[in-house]
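Below: one structure, written as structure tokens.
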Amino acid sequence: MRIVQQALYLEVAERLRAMIGEHALPSGAWIDEVALAGELGISRTPLREALKVLAAEGLVRLEPRRGCVVNELSEQDLDEIFPLMALLEGRCAYEAARKASAADLDALEGLHAELADHACAGRIDAYYETNYQIHEAIQRLAGNRWLSGLISDLRKVLRLSRHKSLKLPGRIQESCAEHLSVFSALKAHDPEGAEALMKTHLLRQRAALKTLDAEAPHVPPARAAQA
């Protein structure tokens with residue numbers, strides 16, 4: 001059986017997700033398909049197929065007579081998404097605390113050491129990357145593909161948010177302390193404790209975003225840059 005190369009439109013979809021996450025395609029922006037296809041060096045056919053994928057994920061929407069627009073997350077959207085994320089990731093932490101082996105915990109300990117180092121140095125981008133690796137590792141330890149799929153879908157949508165919670169003064173240290181508390185519960189094989197602490201971590205992230213939004217100047221969504 002021949003191995004079929006990944007369809008071009010899937011590669012384009014991944015590139016568009018990255019552009020949305022980096023706010024090269026900001027929330028509320030109209031997508032100029034001709035210009036974007038030229039920038040990516042592709043025809044409009046794989047671009048349109050990729051946009052259909054992103055529309056199904058909630059990242060873009062098709063509007064009559066206007067074309068494709070990058071979606072925007074309202075405060076209500078964030079208020080609804082973060083409690084869901086807290087429930088889902090809390091359950092991941094619960095399952096991980098039950099299933100984690102000594103080798104699993106050793107690997108997580110290394111990641112948490114990196115996280116603490118980035119927090120101490122104020123390296124926000126590096127912190128986010130290690131933070132992502134930790135959340136992914138806990139998902140894998142939970143071993144529930146349905147749970148993992150739901151979390152991954154919501155994470156994609158949250159890339160529409162134009163703020164980074166760690167920009168809030170002191171938040172990076174708080175976030176690190178929260179993660180270390182979750183890790184302590186995982187090491188103690190305390191499912192209930194790990195679940196409660198992970199929920200708190202996600203809800204405090206939402207609180208930090210609310211504070212940032214309240215302090216940010218009001219900029220039209222189509223021109224808003226990532227704070």
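The values are calculated or read from the model by the stated rules, or taken from the named source; none is laboratory data. Quick caveat: nothing in here was measured; it's all calculated off a predicted structure. Here the Cβ positions follow ideal geometry from the backbone for every residue, glycine too, while neighbour counts run over all protein chains shown.
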Got at least one residue in segment 75-84 being part of a loop (DSSP other than H, G, I, E, B) and crowded, with 18+ Cβ neighbours inside 10 Å? no
Given the criteria among the small types (Gly, Ala, Ser), modelled with pLDDT under 95 and surrounded by fewer than 16 Cβ atoms within 10 Å (Cβ to Cβ), does residue 222 qualify? yes
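So that you can scan it fast, the table gives a plain yes or no per residue for (1) part of a helix (DSSP H, G or I); (2) assigned by TED's automatic domain parsing to the domain that holds residue 207; (3) closer than 30 Å to residue 210 by Cβ:
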position: 12; (1), (2), (3): yes, no, no
position: 16; (1), (2), (3): yes, no, yes
position: 39; (1), (2), (3): yes, no, no
position: 53; (1), (2), (3): yes, no, no
position: 88; (1), (2), (3): yes, yes, yes
If we keep just the residues of segment 170-201 that are part of a loop (DSSP other than H, G, I, E, B), exposed (fewer than 15 other Cβ atoms within 10 Å of the Cβ) and not hydrophobic (A, V, I, L, M, F, W, C), which is modelled with the highest pLDDT? 189
Name the one entry in 187, 164 that is out of contact with any strand residue (DSSP E or B) (no Cβ under 6 Å at 6 or more places or on another chain) and farther than 30 Å from residue 214 by Cα. 187
Name the one entry in 114, 57 that is without any contact (Cβ under 8 Å) to a residue 24 or more places away in the chain, surrounded by 13 or more Cβ atoms within 10 Å (Cβ to Cβ) and charged (D, E, K, R). 114
Filter result for residue 140 (among the charged types (D, E, K, R), more than 15 Å from residue 92 (Cα to Cα) and in contact with a Ser or Thr (Cβ under 9 Å, 6 or more places away or on another chain)): no
Can you pull out the residues in segment 92-123 that are outside any helix (DSSP H, G or I) and farther than 16 Å from residue 184 by Cβ? 101, 122, 123
